[in-house]
Amino acid sequence: MADKSDHVNVGRAIVSHGAVSEGKWAMEDVRLREIRDDELVVRMVASGICHTDLHFGDQKEGGYGVMYPSIKGHEGSGCVVRVGKAVKAASPGDPVLLSFSSCGTCALCTSDHPTQCLSFNDINFLGGPDYTLASSSISNPTSTSTNTNSPTIAGRFFGQSSFASLSIVSEQSVINVKGLVQNEEELKLLAPLGCGIQTGSGTIAKLAGAGVEDVVAIFGMGGVGLSGIMVGLFSSSLYPWMKFPRSWGPLATGWLQFPEEEGAAKICNCKTIIGIDKVASRLQLAKDLGATHTINTASLPSLAALIPAIRALTPSKLGPTITMDTTGHPHLIATAVEFTAPRGKILQVGTAPMDAKLEIPIFEFMVQGKQYIGAIEGDSVTSESVPRMIGWWREGRFPVERLVKFFRAEEFEEAVREMKEGRAVKPVIVW
């Protein structure tokens with residue numbers, strides 16, 4: 001029988017022993033190692049499921065970041081159980097939302113671009129051994145081996161591994177939402193803000209700098225794409241920015257102007273917003289959320305037919321000024337590069353295969369002045385972007401609830417299946 005301390009050391013987790021499509025994810029009891037000075041233990045309330053979880057959890061071991069056994073999940077929400085002695089972001093009992101992690105000290109992190117942290121890949125994709133199976137760690141209680149309880153299951157995926165009821169979390173992944181989130185029901189709903197939703201909204205509003213004259217086209221009407229649709233809809237003249245100090249501490253109160261020198265995104269009422277997908281229900285949701293036009297690629301005779309179809313919907317007939325790809329499919333990306341207007345921006349958000357290549361006609365690309373921009377997490381500083389999105393949601397301008405479908409944690413296989421089939425836009429598992 002477990003000792004009295006086990007309730008803060010043992011939890012349930014979806015452990016990846018191999019590809020999810022091969023049925024190699026399983027709900028199991030796991031024991032946490034002791035935390036380090038800059039780590040927290042968080043009791044998870046909920047976690048969104050993102051395509052990145054599947055990208056790294058549905059492949060054969062050996063590719064970069066693909067390791068088994070491991071625990072995925074990177075859109076977590078929960079309450080702090082305990083903290084390392086150097087942690088300042090939160091205290092036991094505080095509600096938190098979780099996002100990506102970063103080193104916090106490199107040139108990119110210190111210039112407010114932590115999404116391009118020089119150690120981003122290693123920190124977020126590799127993590128480290130954090131857990132043991134609870135059954136194996138007590139299977140031989142008389143053993144004197146120092147390796148009996150050594151962690152064998154990789155955690156800290158994106159600094160959090162939120163597919164666990166109890167998880168070790170890096171401080172850099174934590175956004176303290178005390179005073180912003182009122183109860184666990186809101187924590188459940190807002191869990192996906194930490195990745196997919198901030199990626200879509202930040203890419204359109206901040207990285208692309210979308211304005212009232214822009215024509216926006218978005219490939220893929222999943223959680224990321226639909227978040228881009230929503231943020232492209234409403235005008236900065238109708239909504240004030242919400243500012244919290246980067247040093248965090250007690251939350252500021254009231255609505256304050258977000259100064260331009262802080263790198264604030266400009267949210268504008270874009271002239272034309274085009275949603276592109278092959279699932280009719282998602283295209284209808286895109287219209288409901290503000291898309292002025294949609295295109296169902298399943299109805300087109302060929303991918304080449306998409307180019308004149310897109311251009312015909314733009315006022316200039318030259319194509320969109322901003323195109324965001326959330327699919328990662330090289331042929332779609334190449335098509336986006338072609339149909340985007342001269343001086344337009346193509347923002348790459350979707351995760352492509354590691355060995356994928358994109359051929360660009362260099363002379364034509366130069367003459368037309370187009371830009372192809374890699375985008376991660378919407379170039380977000382999460383201590384600003386997450387409170388801001390909560391503010392939009394409270395004002396009724398960012399209806400996250402239209403994207404989310406809840407599943408019990410034990411139903412994770414059904415949640416993954418519905419996401420793959422397009423029946424669930426943003427599945428959220430609840431612990």
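Measure off, as a whole percent, the carbon and sulfur share of the 1.4 Å-probe accessible area of the chain, all protein chains present.
Ligands and nucleic acids excluded, carbon and sulfur give 54 percent.
Quick one: compute the contact order of the chain, relative version, from alpha carbon pairs under 8 angstrom and 6+ residues apart, as a percent.
16 percent
Taking amide H positions as placed 1.01 Å from N in the peptide plane, with prolines and chain starts having none, which residues 5 or more places from Ala46, or on another chain, fall under 5 Å of its amide H?
Under 5 Å from the amide H of Ala46 lie the amide H atoms of Ser77, Trp431, each far enough along the sequence or on another chain.
Output the 0 to 90 degree angle, nearest 10, between the alpha-carbon long axis of helix 382-394 and the longest principal axis computed from the alpha carbons of the chain.
Taking Cα atoms only, the helix is inclined about 70 degrees.
Could you give each residue of region 183-197 its phi-based ³J(HN,Hα) in whole Hz, using Karplus coefficients 6.51, -1.76, 1.60 with θ = phi - 60°, and x for Gly or Pro?
After applying 6.51 cos²θ - 1.76 cosθ + 1.60, I find 7, 5, 4, 5, 4, 4, 5, 8, 3, x, 4, x, 9, x, 6 Hz.
Suppose only helical runs count, i.e. DSSP H with n ≥ 4. What mean residue ellipticity at 222 nm does that imply for the chain under -39500 (n - 2.57) per run, divided by all residues and rounded to the nearest 500 deg cm²/dmol?
About -5500 deg cm²/dmol.
Going by amide H atoms built from the backbone, whose H comes under 5 Å of the H on Phe407, apart from near neighbours?
Amide H neighbours of Phe407, under 5 Å, 5+ apart: Val428, Ile429, Val430.
Of (i) 12; (ii) 45; (iii) 16, which is the value of percent of Cα pairs over 43 Å apart derived from the coordinates here?
(i)
So how far, in whole Å, is the C-alpha centre of region 66-96 from the one of region 310-372?
What the calculation gives is 37 Å, centre to centre.
Where does each of 36-45, 198-207, 328-337 land if you order them by average Cβ count within 10 Å, highest first?
The peptides rank, most packed first, as 198-207, 36-45, 328-337.
Hey, if you put +1 on the Cβ of every Lys and Arg and -1 on every Asp and Glu Cβ in the chain, which of Val381, Ile35, Pro92 ends up farthest toward the positive end of that dipole?
Ranked along the dipole, the leading option is Val381.
Quick check for me: using +1 on Lys/Arg Cβ and -1 on Asp/Glu Cβ, what's the dipole size of the chain about its Cα centre, in debye to the nearest 20?
Roughly 680 debye, rounded to the nearest 20.
Where both residues lie in the chain, what percent of DSSP beta bridges are antiparallel, nearest 5?
The antiparallel fraction comes to roughly 55 percent.
Note the angle between two axes, namely the Cα long axis of helix 330-339 and the longest principal axis of the Cα atoms of the chain, as a number of degrees from 0 to 90, rounded to the nearest 10.
Roughly 30 degrees, rounded to the nearest 10.
Could you provide, to the nearest whole Å², the per residue accessible area of region 280-431 with probe 1.4 Å?
47 Å²
Would you mind telling me which residue in Ser77, Ser16, Ser302 has the biggest mean-square fluctuation in a Gaussian network model of the chain, where springs connect alpha carbons within a distance under 10 angstrom?
Among Ser77, Ser16, Ser302, the largest mean-square fluctuation in the Gaussian network model of the chain belongs to Ser302.
Would you mind putting 25-33, 318-326 in packing order, based on average other-beta-carbon counts within 10 Å, highest first? The partial results should precede the final answer.
Details: 25-33: 20.0, 318-326: 25.9.
Highest-to-lowest ranking by the protection proxy: 318-326, 25-33.
If amide H atoms are built 1.01 Å from N in the plane of the peptide, which residues on other chains or at least 5 residues away come under 5 Å of the amide H of Cys103?
So Cys103 has HN proximity to Ser119.
I'd like the Karplus ³J(HN,Hα) series for region 150-165: coefficients 6.51, -1.76, 1.60, θ = phi - 60°, whole numbers in Hz, and an x wherever there's a Gly or Pro.
Values, residue by residue: 5, x, 10, 10, 6, x, 6, 5, 6, x, 8, 6, 7, 7, 9, 5 Hz.
Picking from His331, Leu126, Ala341, whose Cα lies most toward the positive end of the charge dipole for the chain (charges on Cβ: Lys, Arg +1; Asp, Glu -1)?
Ranked along the dipole, the leading option is Ala341.
The values are calculated or read from the model by the stated rules, or taken from the named source; none is laboratory data. These numbers come from a predicted model, not from an experiment. No Cβ is skipped: glycine too gets one built from the backbone with ideal geometry, and neighbour counts run over all protein chains shown. Side chains are part of the model used for accessible areas, which takes the heavy atoms of the whole protein and leaves out ligands, DNA and RNA. Shrake-Rupley method; radii C 1.70, N 1.55, O 1.52, S 1.80 Å.
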